[in-house]
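Read through the structure below, which is laid out as structure tokens, and then see the notes.
The values are calculated or read from the model by the stated rules, or taken from the named source; none is laboratory data. Predicted model, so just to flag it, every value in this text is computed and none were measured. Don't worry about glycine lacking a Cβ; one is built from the backbone with ideal geometry, like all the others, and counts go over all protein chains shown. Surface accessibility is based on the protein's heavy atoms, side chains included, excluding ligands, DNA and RNA. Shrake-Rupley method; radii C 1.70, N 1.55, O 1.52, S 1.80 Å.
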Amino acid sequence: QVQLVESGGGSVQPGGSLRLSCAASRSIGSFYDMHWYRQAPGKARELVATITRGGSTDYADSVKGRFTISQDNAKNTVSLQMSYLKPEDTAVYYCNGRQVTATYWGQGTQVTVSS
């Protein structure tokens, strides 16, 4: 059973930064891509950022230029560096990893942006 464990959430003022990490229980090379999603209260879960096994990245328009997804194959982690945070970034952030026959989710980490 693959486990994904997120960390790094918290509370920050608008304009601040946070770095989320997702630790995988097996090599992240076993996933053909990994993602960060978020879900705000009363809203659907939305895709925020994607990184492929080869290192290609993609972002939701709402976070382009502010968020950066990266992976560390040696540590089996995927990170999301979030800068210039806005109140509308407040949500539970989830790590997701896709393999050929299965998709895995972490338990989520809360990010709150408020003055």
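Can you tell me which residue among L47, L4 is within 19 Å of T103 (Cα to Cα), open to solvent by 70 Å² or more (accessible area, probe 1.4 Å) and out of contact with any Asp or Glu (no Cβ under 7 Å at 6 or more places or on another chain)? Criteria check complete, one pass: L47.
Restricted to the range 55-64, and to residues there that are more than 17 Å from I28 (Cβ to Cβ) and small (G, A, S), the residue that is surrounded by the most Cβ atoms within 10 Å (Cβ to Cβ) is A60.
Per-residue answers, yes or no, for (1) loosely packed, with under 13 Cβ neighbours inside 10 Å; (2) on the phi > 0 side of the Ramachandran plot; (3) modelled with pLDDT under 95; (4) more than 11 Å from the chain's Cα centre (by Cα):
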position: A24; (1), (2), (3), (4): no, no, no, yes
position: G29; (1), (2), (3), (4): yes, no, yes, yes
position: R53; (1), (2), (3), (4): no, no, yes, yes
position: R66; (1), (2), (3), (4): no, no, no, yes
position: I69; (1), (2), (3), (4): no, no, no, no
position: M82; (1), (2), (3), (4): no, no, no, no
